[in-house]
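The values are calculated or read from the model by the stated rules, or taken from the named source; none is laboratory data. Owing to the predicted nature of the structure, the values given are computational and were not obtained by experimental measurement. As a convention, Cβ positions derive from the backbone with ideal geometry for all residues, glycine included, and neighbour counts pool all protein chains shown. Keep in mind that these areas ignore ligands, DNA and RNA; they rest on the heavy atoms of the full protein, side chains included. Shrake-Rupley method; radii C 1.70, N 1.55, O 1.52, S 1.80 Å.
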Amino acid sequence: MTEAATMILFGATGDLAKRKLFPALYSLFREHQLPEQFAVVGVGRRSLSQDVFREHVKSSIESFARYPVNNEWRDFISRFFYVSLDIEEVEDYQTLLHTIETVEHDFNIPENRLFYLAIAPELFEPVTFHLQQAGILKQRGWKRVVIEKPFGHDLRSAEVLNEKIGQVFREEEIYRIDHYLGKEMVQNIEVIRFANTLFEPVWNNQYISNVQITSSEVVGVEGRARYYDHAGALRDMVQNHMLQMMTMVAMEPPSRLKPEAIRDEKVKVLRSIRRMHQAEEISRHVVRAQYLAGEIDSQTVKGYVEEEKVNPNSQTETFVAAKFYIDNFRWAGIPFYIRTGKRLAKKATEVIIQFKQLPPLYYNQSGQLEPNVLVIRIYPENGIYLKLNLRQPEDTDKIAPVSMSFTQNSSPGFHSPEAYERLVKDCLEGDSTYFTRWDEVALAWKIVDPIVRTFESGEVPLYTYKAGSWGPQEAEQLVAHDGLKWWPVL
Ligand code: BG6
């Protein structure tokens, strides 16, 4: 059950609020999933009147929400307030406190406060510090803070940040967002595994040959060059989303379906991922590359270094493919390949489980039978796809793959809630299952940091690929070297 609360949204005039958070709140409202006693205090640097802010919320919903504005609109928008605040200005926090208290009084909301920090990471610490100094965290109800990524730039900076936030919020009050964990089919991985007799017994190194996780994007840096050029694909996508998906595929069944039990199992996977330290080993297992100009949808697009605000000599990777091993009993010897990049041929996210071949007998005498493959489709479709072998009716000697496919979001009457809707609702319910706990973040940095170091020292080559392709040739070789291929994205 969502609990009565006030959401204090820092970054209320920013992009995330506009594209994701307001639309998510509106969907929850329309589906009667928000508590009756609920309000939003938007906080931003710009000085805006209440009306202008409400207009801004409206236009965001008109552009991005799943539901059109209807006659319940007035009730929804009457819950939105705005405070303009200079992060370092102590007095502004008093104004904020006053607004929160007034809203709580007027809407009869107990002092439950959800702080959503949709702001630049360097502001997390000063904001939490000032919130405490101003007495805004002395509420009588609960307090929670939601933090968007990136959580640090490396292990050291993440530790410093965590320590600072930890002076103000307890670990169970901190909700670190990884929006991939809010995606329907990412959450469904554990259901596919733990609710199907067909899969759980074979979900191990005896029956699985390899796992491939792809998250490809068509977009380039999209005006985020200032951040991205310092981050690169490894920090931007692998440290969080890709490793999180890997843990969902690889974790052991949790002792119960409770946040801490699930996160404990994910942490064990992260601990078991083989760390790579030497440049030579990293060069064999990790391919990094940057996009060149190319063509997407018959449009010519620029190369990465020609993009606005990107350093023309930038060595930042916009693509990473990697092979990881999880050194535990279940997965010993099984490669987990991941690949992610910008300006690729298609936007898609998929987890592919390739099963091992049967012995080369009977129908597989030549060893050429196609392996069984399970595809968990996370984007653009929500669904699963299973490839099996059957005899062809027209040619009884021929065994050929057939597919069984289920797509959730084309079922009648079904619409998949956006990841942010699920995550905002979880915060209001106090369910942190699909948020990353500190030890997960720290371990992910421990895996990624040594790789970043070899990237930055130039010890690992930076390859190139044409925009609109599937990445560099070297990524193909990474799997071909093991006698495998990337399964084409569906
Ligand atoms: C974000 C990255 O975390 O995820 C972006 O910072 C990336 O660079 C985005 O575009 C991809 O998310 P999705 O949900 O569109 O696959």
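A few points about this structure:
- For K446, the conditions (1) open to solvent by 60 Å² or more (accessible area, probe 1.4 Å); (2) charged (D, E, K, R); (3) more than 30 Å from E173 (Cβ to Cβ) are fulfilled apart from (3).
- Filter result (over 13 Å from S63 (Cα atoms) and open to solvent by 20 Å² or more (accessible area, probe 1.4 Å)) within the stretch 1-15: M1, T2, E3, T13, G14
- Residue satisfying all of: in the stretch 291-301; over 25 Å from the mean Cα position of the chain (by Cα) and buried (at least 17 other Cβ atoms within 10 Å of the Cβ); farthest from H230 (Cα to Cα) among these: G294
- Residue match in the stretch 273-286 (condition: of a type in the set (S, T, N, Q) and under 25 Å from F355 (Cβ atoms)): no
- As a summary of the residue check, R224 satisfies the conditions (1) of a type outside the set (A, V, I, L, M); (2) touching a residue at least 60 places away in the same chain (Cβ under 8 Å); (3) within 11 Å of the ligand (Cβ to nearest atom) except for the one numbered (2).
- For the stretch 428-441, the count of residues that are free of Cβ contacts under 8 Å to residues at least 40 places away in the same chain and either open to solvent by 30 Å² or more (accessible area, probe 1.4 Å) or more than 16 Å from the ligand (Cβ to nearest atom) (or both) is zero.
- When residues in the stretch 206-221 are screened for being more than 16 Å from the ligand (Cβ to nearest atom) and buried (at least 18 other Cβ atoms within 10 Å of the Cβ), 5 of them pass.
- Residue count for the stretch 450-461, restricted to those that are open to solvent by 20 Å² or more (accessible area, probe 1.4 Å) and either touching a helix residue (DSSP H, G or I) at 6+ places or on another chain (Cβ under 6 Å) or not small (G, A, S) (or both): 4
- When W203 is tested against (1) touching a helix residue (DSSP H, G or I) at 6+ places or on another chain (Cβ under 7 Å); (2) within 15 Å of the ligand (Cβ to nearest atom), only condition (2) is not met.
- Residue check for R235: at pLDDT 95 or above, in a helix (DSSP H, G or I), within 11 Å of the ligand (Cβ to nearest atom) and over 23 Å from E421 (Cβ atoms): yes
- Search result, residues across the stretch 178-192 that are touching a residue at least 24 places away in the same chain (Cβ under 8 Å), part of a helix (DSSP H, G or I) and either open to solvent by 50 Å² or more (accessible area, probe 1.4 Å) or not hydroxyl-bearing (S, T, Y) (or both): H179, L181, G182, E184, M185, V186, Q187, N188, I189, E190, I192
- Any hit, the stretch 133-150, residues being assigned to a helix (DSSP H, G or I) and either within 24 Å of D431 (Cβ to Cβ) or not hydroxyl-bearing (S, T, Y) (or both): yes
- Residue ranges of strands (runs of 3 or more DSSP E) in the stretch 348-418 with at least 3 members open to solvent by 40 Å² or more (accessible area, probe 1.4 Å) and free of Cβ contacts under 8 Å to residues at least 12 places away in the same chain: 395-407
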